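The values are calculated or read from the model by the stated rules, or taken from the named source; none is laboratory data. Since we're looking at a predicted model, the values are computed, not measured. As a convention, Cβ positions derive from the backbone with ideal geometry for all residues, glycine included, and neighbour counts pool all protein chains shown. Just so you know, the surface numbers come from the protein's heavy atoms only, side chains and all, with ligands and any DNA or RNA stripped out. Shrake-Rupley method; radii C 1.70, N 1.55, O 1.52, S 1.80 Å.
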Amino acid sequence: MSNNAICYVGRLQGITVGHIRCITKAQHLLTTNDTKYGAVIVLIVEGKNSSKDKQRNPLSADRRIKYLKTLDICNGIIFIKCANVSDGFAQVIKSGYIPKAVIGGSDEDENTPTTYKNLLDKYFPLDTEGNLVAHVAIPLDRDTSGSIEKSISGTQMRQYAVDDDFKSFTKASPFNDKVTKIMYDELRKNMGVV
């Protein structure tokens with residue numbers, strides 16, 4: 001089994017079908033590339049100050065992981081809580097994996113697979129044996145089918161919670177009705193709108 005990992009980096013503050021699309025693609029790559037990759041690792045970013053800003057960061061890393069683990073697609077995924085992306089990649093290496101590939105949203109914003117690949121190339125260029133790692137960026141374009149729920153961001157999910165728009169929130173949630181309602185209520189409570 002390979003120790004190369006496909007990493008997905010995110011805050012996941014309002015988990016969406018788009019987040020799960022990235023995880024699903026990573027799982028697919030894991031199972032279709034023979035032994036090229038040995039693990040999918042989701043880095044849950046929770047900075048030192050993020051817990052203070054409940055409007056942007058209403059859910060703890062532990063809660064986000066708990067929600068993700070309710071989905072079958074997340075079986076076998078390794079979750080790492082980290083202060084920032086660099087810390088996350090260092091933890092991946094410390095756990096015995098090489099952060100070989102980074103998957104995520106398109107290259108239209110600053111938090112993209114290409115940005116993370118460049119960070120890996122600069123700060124983590126070698127594997128544990130001193131060999132140069134050819135890091136890979138795997139950007140996924142947002143769904144352009146016109147389906148808002150497939151291209152929605154965590155920011156919009158939080159806005160639906162603030163606006164008390166459970167119908168729109170439900171359309172963009174990857175969870176069953178029960179888990180969706182629990183996350184919706186928790187977001188509203190933690191953001192102080194209830």
Those residues of the stretch 43-82 which are farther than 21 Å from Ile103 by Cβ and among the aliphatic types (A, V, I, L, M), in sequence order:
Leu59
Of residues in the stretch 112-138 being part of a helix (DSSP H, G or I) and in contact with a helix residue (DSSP H, G or I) (Cβ under 7 Å, 6 or more places away or on another chain), the one least open to solvent (accessible area, probe 1.4 Å)
Leu120
Looking only at residues that are among the hydrophobic types (A, V, I, L, M, F, W, C) and over 16 Å from the mean Cα position of the chain (by Cα) in the stretch 89-103, which one is surrounded by the most Cβ atoms within 10 Å (Cβ to Cβ)?
Ile98
Cβ pairs under 7 Å, 6+ apart or interchain, first in the stretch 130-141 and in contact (Cβ under 8 Å) with a residue 24 or more places away in the chain, second of a type in the set (Lys, Arg) and open to solvent by less than 60 Å² (accessible area, probe 1.4 Å), ordered by first then second residue, are Val133/Lys100; His135/Lys100; His135/Lys117; Val136/Lys100; Val136/Lys117; Ala137/Lys117
Name the residues in the stretch 175-194 that are open to solvent by 30 Å² or more (accessible area, probe 1.4 Å) and either farther than 14 Å from Leu59 by Cα or not in a helix (DSSP H, G or I) (or both), would you?
Asn176, Asp177, Lys178, Lys181, Gly192, Val193, Val194
